[in-house]
Each structure stands twice: as structure tokens, then as C-alpha cells.
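Taking it in order: structure first as C-alpha cells, then the write-up.
The values are calculated or read from the model by the stated rules, or taken from the named source; none is laboratory data. This structure is a prediction, so every number in the text was calculated from the model and none was measured. Cβ sites come from the backbone with ideal geometry, for glycine too, and all protein chains shown count toward neighbours. What goes into the accessible areas is simple: the full protein's heavy atoms, side chains included, and nothing from ligands, DNA or RNA. Shrake-Rupley method; radii C 1.70, N 1.55, O 1.52, S 1.80 Å.
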Amino acid sequence: MQSLLGLIRRNLLYVYPQSLNFANRQGSARNITVKVQFMFGEDPSNAMPVIFGKSSCAEFSKEAYTAVVYHNRSPDFHEEIKIKLPATLTDHHHLLFTFYHVSCQQKQNTPLETPVGYTWIPMLQNGRLKTGQFLLPVSLEKPPQAYSVLSPEVPLPGMKWVDNHKGVFNVEIVAVSSIHTQDPFLDKFFALVHALDEHMFPVRIGDMRIMENNLENELKSSISALNSSQLEPVVRFLHLLLDKLILLVVRPPIIAGQIVNLGQASFEAMASIVNRLHKNLEGNQDQHGRNNLLTSYIYYVFRLPNTSPNSPSSGSGGLGGSVHYATMARSAVRPASLNLNRSRSLSNSNPDISGTPTSPDDEVRSIIGSKAADRSCNRMSSHTETSSFLQTLTGRLPTKKLFHEELALQWVVCSGSVREAALQQAWFFFELMVKSMVHHLYFADKLDAPRKNRFPERFMDDIAALVSTIASDIVSRFQKDAEMIERLNTSLAFFLNDLLTVMDRGFVFSLTKVYYKQVSSKLYSLPNPSTLVSLRLDFLRIVCSHEHYVTLNLPCSLLTPPASPSPSVSSATSQSSGFSTNVQDQKIANMFELSVPFRQQHYLSGLVLTELTVILDPDAEGLFGLHKKVINMVHNLLSSHDSDPRYSDPQVKARVATLYLPLIGVIMESVPQLYDFTENHNQRGRPSCTAMEDYESEGGSMISQTVAMAIAGTSVPQLTRPSSFLLTSSTNRQHSTFSAESSRNLLICLLWVLKNADESVLQKWFTDLSVLQLNRLLDLLYLCVSCFEYKGKKVFERMNSLTFKKSKDMRAKLEEAILGSIGARQEMVRRSRGQLERSPSGSAFGSQENLRWRKDMTHWRQNTEKLDKSRAEIEHEALIDGNLATEANLIILDTLEIVVQTVSVTESKESILGGVLKVLLHSMACNQSALYLQHCFATQRALVSKFPELLFEEETEQCADLCLRLLRHCSSSIGTIRSHASASLYLLMRQNFEIGNNFARVKMQVTMSLSSLVGTSQNFNEEFLRRSLKTILTYAEEDLELRETTFPDQVQDLVFNLHMILSDTVKMKEHQEDPEMLVDLMYRIAKGYQNSPDLRLTWLQNMAGKHSERSNHAESAQCLVHSAGLVAEYLSMLEDRKYLPVGCVTFQNISSNVLEESAVSDDVVSPDEEGICSGKYFTEAGLVGLLEQAAASFSMAGMYEAVNEVYKILIPIHEANRDAKKLATIHGKLQEAFTKIVHQDGKRMFGTYFRVGFYGTKFGDLDEQEFVYKEPAITKLAEISHRLEGFYGERFGEDVVEVIKDSNPVDKCKLDANKAYIQITYVEPYFDTYEMKDRITYFDKNYNLRRFMYCTPFTLDGRAHGELHEQFKRKTILTTSHAFPYIKTRINVIHKEEIILTPIEVAIEDMQKKTQELAFATHQDPADPKMLQMVLQGSVGTTVNQGPLEVAQVFLSEIPNDPKLFRHHNKLRLCFKDFTKRCEDALRKNKSLIGPDQKEYQRELERNYHRLKEALQPLINRKIPQLYKTVLPAACHRDSFSRMSLRKMDI
């Protein structure tokens, strides 16, 4: 009986006396105790020592007492008495209760305890253990003889009872037993089976007597009644119950001479029991949803009856049926399968279908098959002679059927609810079947037999029918019963996986094909196939996880049609010897395409790669969500091969890699969809050859068209529409991009195949590829370089902290959902809107959206598990990342070498080698390990020495890049890298020199590269670079071959130039914190290269970059415009094309400063000289690129008018090229720009200007220099003052720097020589009157500014402010060397002009300003009452000091004596006239705007106005008669007036 779920045997009884009612008993019975005994007979000595003792007593005792309840005739008891039941109980076993009165005061001759009653409970009733709640009558006398077989409820004659035989004693009995089922249905079933085994008839069950002729019906009804039994005993006796049911299937009983077939009934009972367990014990399941009780039964308990390996012969095992029920043998077979399903078909072996069963002898022979004579003692056929004897003895044939065969048959023929129940828990039956098959093979010594002969055809037909119908179930029900079908699909896959181990592989492949056929035909009609494809992926993934997956794919066979349609390979074949076949004379293309021969030969890997192709196809509708799933499947397969010790030998790995060669083509097709890892890099995205058009332009697709014919053999219908595999559809296709993770995994797979594939095979294939396809491969490698670039520990630390933050958000969402703010209704609405389709997996299963609360699947749980990695873990991750980066790059390098070897002999090598160089340079630009760089430099040197013309003639742009990379590595802190980079750079120069006795190109490129490096790199180490330059110089000096040439001198000259640039670098580092000084320095360096256009361009771009960093977009745009001007100048020299700009002149409208880029002087170099203007920008495309960048920067600066001017130059170029697409884009951007001008009218601000003067020797070059600084809009004087004071204070010391607060001219003599003085003044743009005609808009008044003005008030006695009649004003006009905005934010002041205004002129200016304010406030649209009232209040309000009235009284009360002032007097008089008119207009306007609450205020304003007007009247009307005399034709007095007074006359 040890089949009890791994528990030890238990057989315990717990007795709970509860209460006693002696209220109606005569006599003394108050202090009552109960003695409990377990008796095996009536004699007092028959008490058994089976009652567990208390802690301080013996282990077992014969009796137990309850505590005495004092003076209570109706006591309650609270004891628990634990009894160990004997294994075998008879009718005489019973519990005896004796009640005692205990006297508290012992009297002489009276006993301490007096018996006052007796009662008992027989242990067995109709053969079943008696338990439960009892209310027993109590006898006053000792029970009579033979009482134990009767119940106390039976009125025995002549006995006296308490309270007239009523029940007065309450007691409860509970059994915990692994022997007694305590369930009537189970009892009946076990009793009947036992009776069959023992051949004991009739059978007594309770009050029933079952005769042999009625036994069949009773047995069947008891099997079907098992469903009514309680769950708890079913769980406790589960393993025994299943054993008995299986025994009834395998060895049908013979009742009354007839074989009774119980297969169907037993199968139904098993299906029902298994389902009940699953439904009611949900918490007791493993990760795959399998019930633990059932899995433990399959793994540890289940064994085919009659197969005990220890029995000397099968005969002895066949005699005692009970031997086979409860074997706890541990099977050495690995756990079989998972979750599965059903089928409907008829088989001639079905006993329920008309037809006579074969004789037992034939059955045995057909199943077992004859064995060699020396094994006859173990042959089951030896039972045939004794079968009749055994039949009469046990009522059973020794063997009738094999369990797996019967199970398959019953499953195939079952229907209705039984079939549904079996489908629900298909995994259980599949695993039972597989274990039965393995046991059968093992015990029948068939493990060495050929696979085709192991199982009869009948059984294989049943399996095929089963798989077919289950597949059709999956296809037809996957939408309705999503969860169940997912389990079923998985179970079926695990079943086939297990069958691959024991059955003929060709047969299992045919089953897989059946499944694929059904799914494919359904897919053809589905609008959204992602769910079904997801199921098929799961299926394939599980089948492919077989331990002999590689061997199953026949990795060594040639791609010729196989001899049989389903080739089978014996699993006994040694793995290593399987990899020795040669690859000669194979058609290489077939190995790299998913061709029919490939898929026939490598069946499973063909399916895997076909799935990948179908899902990655950008035209495949609705499969986008499965990208991750299918890529992970391939990735996991390759990971398992890589870590498998069987395939560690490189030759073996090469064989494994042949199974995946088409993967390279598949990934090449999906390049446009891969995540662009290059975007984050400082390079400009992918290389140019990946233009989208290229991908669509080629007709010959990488993937064979025949793939569309079939997925699993040629007969399968197409998966989707005919073009599903051809990636050559419409050119403007929108590609959906894979996620970064999926792309990375896909690229890892590619690299694995490239690493392990046979080099010669790859080389042959590369030879067959077109130029376009090879370039596509190079693009892939380029992408790989970016993808696997080493990120460093800091990135991992940052990711770690982000994960923590994310998990907090997830937890908050979870809480929100639990607390109910997201109700079930919203959840349902959200799902119904199809949000599932956008979930990561794309399928309803496994998608996190579709789960309610499956703990193990919620986001936050997964995140919290990987939170807060320790420092060691982060370092470990960084180490792995570094190793992967090196490994990946070395694989890429190896592949590049193979490509070079392949194409070096072909005609199209130039275009390919350019791509190779691109990838090589890109890898140099990324963070790389020293190990990789050493190999990389070696490859680069070989490439340059083999194909020098490639670098110096075709790929000139690459030459510049190479110089930049080499220089960057020349400044590395690692010695080995420096020495390799120096050697490469030196050989590059040497190579260039050998071609034409001059290495002007490399010289120019190196100088430009260093300039670029210096201008942009933050962590550039100048000291290490100087060391590398010294190494190069040493190489040149010791190069004997070239010693007599000019080469060493030229090298020396170059190194000298580089040292000069490095000196500038040192200065730049000093000024790193002073942006103005830094840009000035860069400007100075750029100016030094006026005669070297390439270098000047480099520095202009460095400046543009610096400005962009500081968000000075206008200045950045100017740098780009200057660059474009420079390029245009040289392009116009090279070729005269009408649509191109005619040098810098064309750019005048954008900025007058651009003219400085004109190439007009004599010493300007000619653009066709070697090495001059060779950069990528000195082309038409380069010019367009610069102008587009400039337009973008102007747009960011808000200078939309300038955007228009830039496009005016671009449009003719695109028109000439008939580039409608570009023109459409440009006009779209122009529309945007003009729309913004309209919308942002009055809201744009371009900059604030300050004059900054530096005084003091501490400033060095800056001493006595004045600049106009351009600061961001709305910068206050205090802000710039604080910034400059802080910056220079830090540099020279806070006590040394002093800011001069006024704007008066600085007298150097009065300044402290040891201090540094800064004078900062706010200035405004200044325009002459004639200029104002052209400068109408806000943009006009803030663009191309060269003149600025600031005013300083003063009096003749030195004070700044005085009375009206003594107040003078100084206007200072500054002219800068260039117009703002310029390529820098501060420009030198080159000219200064001062104008002094007399007091009356000051008054005129003030009155004009007031009048303008009034006019503006009056005519403002929409009107602003507050503004209007404020201006009015200041004009006509209560007369204030120096208000309009006082001005009039001071200057207009008398006619001046000096005739020079006549005109000023008159002008002021006219100003007041205008002023009063404007006041009147303003009051009228205000009256129309105010509400009733302000009427009094209006009246007050009007009164004030009338007062003012009256006071001004006499002053305004007084004219100077001299002015109205006849005037000579020439204005003779004009020169007496200052220029200013005339200029400012017109308003």
C-alpha cells in the first residue's frame, strides 16, 4: 500500500469524547470520567496497547481516561485520544467506553472509582471502518457475551439502560488512514477488483451480495460511479486507483468464461478523475500547468503490469495480481512530455466494434515478437502453454493488451464529454503513453531493434489519427478556447519530441508535416494569422528542443534528393563520426537558400528558417508582434549548439553551421527593418549604399521562390499570398522596424553562423553574390559593429537605476488596478479595442495584456527580481559585454578578410572594397579592445598596401576618415595601440608618396583630421599624440629605401605643422571654460587657413559644432553658410554650371560677411592641385548638405526669413537635377517657415547686445579692446555682468576684477595697474534715417547689424544729471568689424563716433518720444486700456517735476537770443502742438473704452488736460518772426546745426 503519493503508511484513529447526560440516571454519579479502550475481543484482557501515551508516560497504553468533571452529572469533555489501528480489522474489534464515578473523599471499604455505565462502537460495519459523529445509549450493566459484533443501539434483552435506551453519550471518531478509503464508491470499486483478483464469489459489499453473473454490470457501474466519490479520498488513493484502472485496461478480466473489455470505461474514469484533480487543485501545479500528483504518478509509480524486472520469469509475476498495482519503482527514463490532445478514427483492434478479438497467444506473439532461444526464460510467449491454467486460477489472462496501444485506440474512438476531458489534460495521457512505450521497449528487449519494427502499424495508424484530429482541433478552436488550445498545442509538441526518441524519425516527421498542413491551410483563410502562427512557433520550438536535433537534421548529407521520403537516422550513431562527409561538388547556392533540397535534407532547421523568413517578411500582415518570438527561437537554438560539448570541435561546428547557412540570406533581406544602432553614434547613420531604393531595385531575391511552395515538403499549400517570400514589392514600402533587442539577437545569430561556417564554402558563395548583395552584407556587418560596441560600466549602472524606477511605476500601476481605479469594465473595453495585437508577443497567449493576475507574469514581479544589481554583477556584465564586443568584431574582421579574398580577383572589386573599408573604419571609430585593434590595424595595412589606388583615387573621403581614426588612436593611452596606429599612419604616407613622389593628399587629410580632432574631441590627449608623432619621425629617418628622396623632409614638415596645431590645442584647453575666447581662438586658427580651403572648412565646422552645443543656432548657421560659400567659390573654379552659386557673391543676401570667403588673392591655391579640395564637401552634394544644415539651424534660431534665402540658392540646384522629391520637401519647409513668421509676429526675440571693454594688463591681448557681445534674448545687464565678473574673478582672483558701473569714457591713467577692469554697457542697434526705409520688420531690424548706440547723460559741471536747462546727452555710435549674426558671438568695435545733444535738443527728443508713446497707445490694435491710461497719466496727470509743462516753461517762455537756437525753439514748439493733439486723441479713445466705474477718473483726466492746454497755449502760439522771412534758395544756416538735429527731425 505504499503508493500513497510518496507518504509513509498511516492508519490512525482519533477519538473525541464530547458530552454525557446522566441527569436522569438514578444513583450517585457526579464526578465522572470516561475510560476508553481498543478491544479485539470481549474479555477485559483483550484491550490492545495501541493508545498513544502522553509525554511523560509509556509510548503506548491499553486505556485512556478523560479528566474528571467535578460535581457535574452532564459533563463536557475536551480530550483527543490517538489510536494506532491494527493493519487488519475483524468484526470483533471495537472501542469500549467505561464511565466511572470518582469519589473525592475516600471512605473505608469503598473503591475510588465506581463503574456507572458502559457503551461501545464496533470498528467495522459491512467491512468498512466506522467513523463519524455518534450519540450512544449507555448500559448500566456490563455488556453480555458477543456484544462486540452488535451496535449498542440494538436493544439487547435483559439489559438496563440509562434514560430508557436514549442516546446520552456524544463522541466523534476520525480516521486518518492510508488503508481505509472511507468512501463508499472507492470501497466498492476496490472490493470488486479484489474479488476478481482472488476469484472469490459471491462478493459481499455492505448488505449486497454480488453473484458472478452480475459482476460485469456492477464493475462497470462502480467504475462510472468513481466520479461521485469525494475528492479527498481520491487524492489519497490516487496512485492505487490509477494502477487498478490501468490493470483493467491491460488485463481484461474473464467473468463467467467471457473476456470483459473495460478499456473504454477505465479510460473515461481516468479522464474524469484527472480533470477533477486539475480543476480542484489549481495551486498544486508546476510551471507547465501539470498537476504534481499526476506527474509524480507518471514518473515514479506507473509501470506496465507484468513487467517487474526483478521477477525470475514473467510467469511468477503473472500469478499475483496485487504485485503489479503499487510498484514504487523509479524509472530511469527522463520526464516525458507536457500538455496534449485527441483524434477520431476507427481501428480494427477496437473491442467495441464488431469483430472477434484475436486469441491471447496471437496477441502476445504479435506484440512481443520472437527473441533468441537463450532468452526464452524471459519471453512472455512462454505463458501461452499455461494460459488456461492461469485463467482458471486468477480469472485473468496473464497479458492481453499493451497499455499505450489501448490508450491510443480508446482516445481515437472516444467522443463527446470524454474526449473533451481527455483533451483538457492531454499531457497526462501523452506522457503515460510515452512511458508505456519506453517500458514496453525496455522489458521486451526491443531498444536495439530497428525503429521501424518497434511498434505495430495498427498502433502507428492510431497515433497518426490522433495527431491529425488534435491538429484540426487546434486549428478550429484556437480562437474560442485560447488557453486550453495553447496547452494542447504545447502538449502535442512535447509528445512528438518524445516520439523522436523512441519511434521511427521519418514517421514523426510525417506527423509534424500533418500538423503543418492543417495549420497552413487554415492560415490561408485567416485575416489576422498572428495567433495561429504563434502556436505553430511554440510547437516548432518544442519539437526542435530535442537532444539529437542536430543529428535529426542530417548535417553531413549532401544536398541530393534522399533515397526515401522520410530518412531516418539511428540515435546510436556516434555524434563525432557523423561529421566526416566531404562537401565537394555541392551546388553552393542550394546550401545558402531555403531551397527544396535544403528543406528535404535538413527538415527541422528548414522549418525553423522558413518560419523566420515568413514572419520577418515586411509584407506579412499581422505578424509583426511575433518577430521577437521567432528570433529568440533561432537564437536559443544556436546558443544550445554553442554550449553543447558534443559540438565543440571546429569541424563539427562547421557542419552544424551548414544547417543555418540560409540564415545569412534571410537577415540580408531584412536589413531595412533592423534597428539602426548607428543613430546613437557620432557617425552619420549607415553607409550611403544602404539607400532604401537599392533594396527594392534588385530582382533576384536572396530567398528562393520555391520556398513559397511549401513549408514542410512540396505538397503543403501556400502559407500566405504568392508574394509572401519575395521581398521585392513596391518601392515605397513602409518597413516596420524590429526592436533593438530582436535586432541584436538576430545579428548575434548571423555572427555565429559566419564564425562557424566553413570558410571555403563562404568564399564560394561570396563569389556567386552580386555586387549589390555583397554590399548589403557589408551594411549588415557595419550595423553589427555599432550593435556590439562596448558601452562601459557606467551604462550598466545607469540601466540598473532606470530599472528600479521602472519597477516602481509598474508597482504603482498594479496597485491602481487592484484598488479598483481601473475597473474590469475599462479593462474589457481596452482589450476589445484590439490592444492585444500591439502587445509584444502579438498573440493572445503569453501576452501580458491578456492576463488578469497571473502572479508570475506581471511586469513588476519580473522587474523586482532583477533589481539593484551588486557592483560585482555590474562589473561581470561589463566584462561579458566587453568580451562579446571583441568576439563580434573579430568575426566581422574575419568575414571582411574572406570578402576581400573573394573579390580581389573580380572586376567589381572597387565598389566592394570601398564598403569593406567603410566597415573597417567604422569599427575603428567605436570603442574597441586593444586586442581587436591590433588585428584591425594589421588588416587595414594589408588592404592599403594591396589596393593603394582604392584609397588615394576612388575613396578619397575614406582616406580622410582613415587619417582621423589613425590619429585618434595615435593619442591612445595604451602603448600597443599607439605603436600600431603610428605604423599604419606612417605606411599610409609612404604608400601615398610611392604613388607620386608626394603625399600631399595624406598630408592635407592628416592636418584636417587633427584640426577636426582638436576642435571636437573632449578627452583628446595631446601628450600621447606628440609621442606618436615622434615615432613617425623616427620611422622616416630610419627608412633606408626613401632616405635619398624628399620623403623624410616632407614628413618632418608635416609633423611640424601638426605640432603647431597641437600648440593651438593647448591654448584651447586653457580657454575651455571661456566660450567667447575659445571661439575667437578657433576663428583665428580658421583664418590662418585662408589659403587651405579644406582646413578652413574643417575649422568652420568645428565652430559650428561648438555653437550648436551652446544653442547659438544663428551663429552655427552662419558657420555653415560660410562653409557653403567657401565650397561654392572653389566649385565655380572647377566647373561652370549655371545652376550652382557663383561663389560667395550669391550668399550676400544671407549675410554680408560671407564675402570674406572669396578666393581673390594671388596666393590662393588652385582647386585641381593634388590633395586640395579633396574632401567630401567639395562636391555638389556636399554644398547641398551644408546649405540644408544651415537652413535647419536658421529655423532653430527662429530666423525664418534667412531660411528662405538659403533655399533660394538650393532650389535651382534641385530644379536642375529634376529632383521633385527634394523640391517638395523644401517647399513644405518654406511654407512652415512663412507660417511661423505670421504666427510668431511680435513674439520673436533674437538677441540682446552689450558693449564690453577690457582694461588692464592682466587681460593680455584683450587690454583696451572693446567688443559688442551678442547674448540670448532678454539677458539683463546684471546677468552678463555677473557672468563675466564671476569668470574673470575665478581666473585672476575676485579682488582683482572690478566692473566699471558707468558708461563714461575710461581714463586709463586713473586705473589701478594691478587690477582688471571690465566696462559693460547695454547697446541698441542703430540705423540712419534712410536705412529705416528698408528695415521694416522686426527681423530686418535685428539682422545684419553693424552699428550700435548707447546714450550717456551729463552736465557741464561733471554731474550726470542736472536741471532741464543744463542737461546734456552724449550719444556714442559703435561700428563692428562684421555684421551680426556672425560666426562668433562677440565682434571687435572698429569705429566709435560721439554726438553731443544740447539741453533743448534733449528736450525735443524727450517730447518726441512721449508723443510717439501716446500715438502708439492710442492706435494699438486691439486696444489696451491700461497701457493707454498709464501713458495719459504720465502726460496730462498732476504736473510733476520735469513734466511736459515744466519743459515748455523752461524752453519756450522766451525767444532765445542765439539765432542758432531759433530752429530748435521752433521745433520744440511744434512738438508741443503735436503733443497736445495726441493727448486729445488719447482722451477720446479712453472715453470709448472705460466703464461706468471710471467716469470720474476720465473727468479728472480731462480737467487736467484742459489745464495743461491753457498753460501751454501762449507758449505754443509764440512764433519767431525771423524764421518766417523769405529764405534764400540755398539753406545757408544749415551748417550751424549739428548733423544729429537734422537727422532726427523726421519722425
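The set of residues in the stretch 1333-1358 that are surrounded by fewer than 16 Cβ atoms within 10 Å (Cβ to Cβ), farther than 28 Å from A1233 by Cβ and in contact with an Asp or Glu (Cβ under 9 Å, 6 or more places away or on another chain) comprises T1355, L1356, D1357.
When we screen T90, T114 for residues that are part of a loop (DSSP other than H, G, I, E, B) and either out of contact with any Phe, Trp or Tyr (no Cβ under 6 Å at 6 or more places or on another chain) or among the polar types (S, T, N, Q) (or both), the only hit is T90.
Every residue, every condition in (1) open to solvent by 10 Å² or more (accessible area, probe 1.4 Å); (2) part of a helix (DSSP H, G or I); (3) under 20 Å from L1183 (Cα atoms); (4) in contact with a His (Cβ under 9 Å, 6 or more places away or on another chain), yes or no:
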residue: V1079; (1), (2), (3), (4): yes, yes, no, yes
residue: I1085; (1), (2), (3), (4): yes, yes, no, no
residue: W1099; (1), (2), (3), (4): no, yes, yes, no
residue: K1106; (1), (2), (3), (4): yes, yes, no, no
residue: G1125; (1), (2), (3), (4): no, yes, yes, no
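Checking each residue in the stretch 986-1008 for being open to solvent by less than 10 Å² (accessible area, probe 1.4 Å), closer than 20 Å to D1064 by Cα and at pLDDT below 80 picks out only Q1005.
Is at least one residue of the stretch 748-761 aromatic (F, W, Y) and at pLDDT 90 or above? Yes, some residue in the stretch 748-761 is aromatic (F, W, Y) and at pLDDT 90 or above. G606 satisfies every condition listed in (1) more than 18 Å from N756 (Cα to Cα); (2) touching a Phe, Trp or Tyr at 6+ places or on another chain (Cβ under 9 Å); (3) modelled with pLDDT of 90 or more; (4) open to solvent by 10 Å² or more (accessible area, probe 1.4 Å) except (4).
Against the criterion of being surrounded by 15 or more Cβ atoms within 10 Å (Cβ to Cβ), closer than 23 Å to I1150 by Cα and without any contact (Cβ under 8 Å) to a residue 12 or more places away in the chain, S1132 qualifies. Which of the residues belonging to the stretch 1-32 are hydroxyl-bearing (S, T, Y) and either within 60 Å of the chain's Cα centre (by Cα) or at pLDDT 90 or above (or both)? Hits for the stretch 1-32 are S3, Y14, Y16, S19.
Per-residue answers, yes or no, for (1) modelled with pLDDT under 85; (2) open to solvent by 60 Å² or more (accessible area, probe 1.4 Å); (3) at positive phi:
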| site | (1), (2), (3) |
| --- | --- |
| T895 | no, no, no |
| V899 | no, no, no |
| T902 | no, no, no |
| T906 | yes, no, no |
| N927 | no, yes, no |
| L951 | yes, no, no |
| E955 | yes, no, no |
| H980 | no, no, no |
| S984 | no, no, no |
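The set of residues in the stretch 1367-1388 that are out of contact with any helix residue (DSSP H, G or I) (no Cβ under 8 Å at 6 or more places or on another chain), within 23 Å of D1340 (Cβ to Cβ) and open to solvent by 10 Å² or more (accessible area, probe 1.4 Å) comprises T1375, S1377. Could you give every pair whose Cβ atoms fall below 9 Å, whose first residue belongs to the stretch 30-51 and is without any contact (Cβ under 8 Å) to a residue 12 or more places away in the chain, and whose second residue is of a type in the set (V, I, T), counting only separations of at least 6 or pairs across chains? Note: no pairs meet the criteria.
Against the conditions (1) crowded, with 20+ Cβ neighbours inside 10 Å; (2) within 30 Å of L402 (Cα to Cα), R541 satisfies every one except (2).
May I ask you to say which residue of E1405, E1413, E1393, E1331 is of a type in the set (D, E) and at pLDDT 90 or above?
Values: E1405 fails: at pLDDT 90 or above; E1413 fails: at pLDDT 90 or above; E1331 fails: at pLDDT 90 or above.
Unique residue meeting the criteria: E1393.
For the stretch 232-257, residues that are in a loop (DSSP other than H, G, I, E, B) and either small (G, A, S) or under 29 Å from A175 (Cα atoms) (or both) total 3.
Provide a single number: the residues in the stretch 433-473 that are in a helix (DSSP H, G or I), open to solvent by less than 30 Å² (accessible area, probe 1.4 Å) and touching a Gly at 6+ places or on another chain (Cβ under 9 Å). Total satisfying the criteria: 1. Before we move on, is L967 over 15 Å from L896 (Cβ atoms) and open to solvent by less than 10 Å² (accessible area, probe 1.4 Å)? Yes: the conditions hold for L967.
Of the residues S178, S139, the single one that is open to solvent by less than 10 Å² (accessible area, probe 1.4 Å), modelled with pLDDT under 80 and of a type in the set (S, T, Y) is S178.
For the stretch 656-676, the criterion of being open to solvent by 20 Å² or more (accessible area, probe 1.4 Å) and either within 30 Å of S1012 (Cβ to Cβ) or modelled with pLDDT of 90 or more (or both) is met by at least one residue. Does R1001 fit the bill of being more than 22 Å from T895 (Cα to Cα) and touching a His at 6+ places or on another chain (Cβ under 9 Å)? No: the conditions fail for R1001. Selection within the stretch 1208-1260: residues that are open to solvent by 70 Å² or more (accessible area, probe 1.4 Å) and not in a helix (DSSP H, G or I). The member of this set that is modelled with the lowest pLDDT is G1242.
For the condition under 16 Å from H969 (Cβ atoms) and either among the hydroxyl-bearing types (S, T, Y) or open to solvent by 30 Å² or more (accessible area, probe 1.4 Å) (or both), K1030 qualifies.
Return yes or no: is P157 crowded, with 20+ Cβ neighbours inside 10 Å and either in contact with a strand residue (DSSP E or B) (Cβ under 8 Å, 6 or more places away or on another chain) or free of Cβ contacts under 8 Å to residues at least 24 places away in the same chain (or both)? The answer is no for P157. One residue is enough: does the stretch 646-656 have a residue meeting the conditions touching a Phe, Trp or Tyr at 6+ places or on another chain (Cβ under 7 Å), farther than 15 Å from L540 by Cβ and part of a loop (DSSP other than H, G, I, E, B)? Checked against the condition, which is being touching a Phe, Trp or Tyr at 6+ places or on another chain (Cβ under 7 Å), farther than 15 Å from L540 by Cβ and part of a loop (DSSP other than H, G, I, E, B), the stretch 646-656 yields no hits at all.
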